[in-house]
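The values are calculated or read from the model by the stated rules, or taken from the named source; none is laboratory data. Just so we're clear, the structure is a prediction, and the values are computed from it rather than from any experiment. As a convention, Cβ positions derive from the backbone with ideal geometry for all residues, glycine included, and neighbour counts pool all protein chains shown.
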Amino acid sequence: MGSVTPITGRKDPTKQVWNTKTYGENTRFVSTLGKGVIGLLDPKEGERILDLGCGDGVLTEEISSYGADVVGIDGSENFVETARSRGIDARNVDGHQLEFDREFDAVFSNAALHWMLKPEKVISGVARALKPEGRFVGEFGGFGNVAAISAALNAVGASMDGDLSLAGPWYFPTSEAYSKLLGQGGFEVTYISSFYRPTRLPTEIRGWLETMRAPFFEQFGSEIETAYDRVIAALRPSLCDQEGNWIADYVRLRFSAKLVG
Ligand code: BEZ
């Protein structure tokens, strides 16, 4: 990129760092809408369940309320601390590096798998973590998720000579592609569906961008506000309605699979 100096003081400016307070304010809908996936999980009293990418632990706590014994893992130390403050057994583990061995009746995941860019590795760790016939149930971004947002980030990034790899480091597969990976990983897919879920953003698009894509904007240093202004202007015609509500172009991929054998 050009001569601007990133303003972040982070050791790795490309790394997503989660602030649990602003995450809650800007994207609480993530756990609210994720409650539907708990219905598909159907947790039972006494079951041992792993919450893969537990975030701030709101849904982990909800699963515990069914009487299940739940362990949460997350790659963010900040999220793990917040989840622990809710009394959850939360551990700082990258979803690609699961080392559990035939311990869980089910693995659950909401809005986390799209951050894990090596899905085969994740699925093999999940298969190892499950008891025979254990369930893997989850929801994450499907193919076409945040397409308008990604296009705007890429266009503005290119116009400002930025690092486009920071525009969207996400994995959004089709149902067909993810079913195939689950099958290859030893699972029988019992349910899978991809659906459009336009999602109202409580703190408008700016809050979402700050929470989900800070590294992209921080790369522009003193020009950070120009980058925000351009991305927001590019998105307004497609994501902001006549009343001024911002609605993100979410596509969800929801699935349930059973470990074979
Ligand atoms: C999502 O939940 O769909 C999502 C979250 C962060 C970035 C992109 C998509």
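Listing for the model above:
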{"item": "Breaking point among (1) at pLDDT below 95; (2) assigned to a loop (DSSP other than H, G, I, E, B), for Thr211", "result": "(2)"}
{"item": "Subset of the range 152-162 [within 15 Å of the ligand (Cβ to nearest atom) and either over 18 Å from Thr199 (Cβ atoms) or free of Cβ contacts under 8 Å to residues at least 60 places away in the same chain (or both)]", "result": "Asn154"}
{"item": "Selection within the range 168-194 - under 14 Å from Gly138 (Cα atoms), more than 12 Å from the ligand (Cβ to nearest atom) and hydrophobic (A, V, I, L, M, F, W, C)", "result": "Leu182, Phe187, Val189, Ile192"}
{"item": "Pick from the range 236-253, criterion over 19 Å from Trp170 (Cα atoms) and either within 10 Å of the ligand (Cβ to nearest atom) or among the hydrophobic types (A, V, I, L, M, F, W, C) (or both), ranking: surrounded by the most Cβ atoms within 10 Å (Cβ to Cβ)", "result": "Leu239"}
{"item": "Positions within the range 140-170 being among the acidic types (Asp, Glu) and crowded, with 24+ Cβ neighbours inside 10 Å, in sequence order", "result": "none"}
{"item": "Entirely in the range 87-150, the strands (runs of 3 or more DSSP E) that have 1 or more residues that are in contact with a helix residue (DSSP H, G or I) (Cβ under 6 Å, 6 or more places away or on another chain), more than 16 Å from the ligand (Cβ to nearest atom) and of a type in the set (S, T, N, Q)", "result": "89-92"}
{"item": "Pairs, first modelled with pLDDT of 50 or more in the range 7-28, second among the hydrophobic types (A, V, I, L, M, F, W, C) and assigned to a loop (DSSP other than H, G, I, E, B), C-beta under 8 Å, six or more apart", "result": "Asn26/Leu201"}
{"item": "Residue in the range 66-85 that is of a type in the set (S, T, N, Q) and within 19 Å of Arg254 (Cα to Cα) present", "result": "no"}
{"item": "Residues satisfying the stated conditions in the range 223-233, i.e. touching a residue at least 24 places away in the same chain (Cβ under 8 Å) and within 12 Å of Met160 (Cβ to Cβ)", "result": "Glu223, Ile224, Thr226, Ala227, Arg230, Val231"}
{"item": "Gly244 touching an Asp or Glu at 6+ places or on another chain (Cβ under 9 Å) and free of Cβ contacts under 8 Å to residues at least 12 places away in the same chain", "result": "yes"}
{"item": "Search result, residues across the range 49-74 that are touching a residue at least 12 places away in the same chain (Cβ under 8 Å) and either under 16 Å from Thr27 (Cβ atoms) or part of a loop (DSSP other than H, G, I, E, B) (or both)", "result": "Gly53, Cys54, Gly55, Asp56, Gly57, Val58, Leu59, Tyr66, Gly67, Ala68, Asp74"}
{"item": "Candidate set: the range 105-126, residues that are farther than 20 Å from Phe79 by Cβ and in contact with a strand residue (DSSP E or B) (Cβ under 6 Å, 6 or more places away or on another chain); chosen: the one surrounded by the most Cβ atoms within 10 Å (Cβ to Cβ)", "result": "Ala106"}
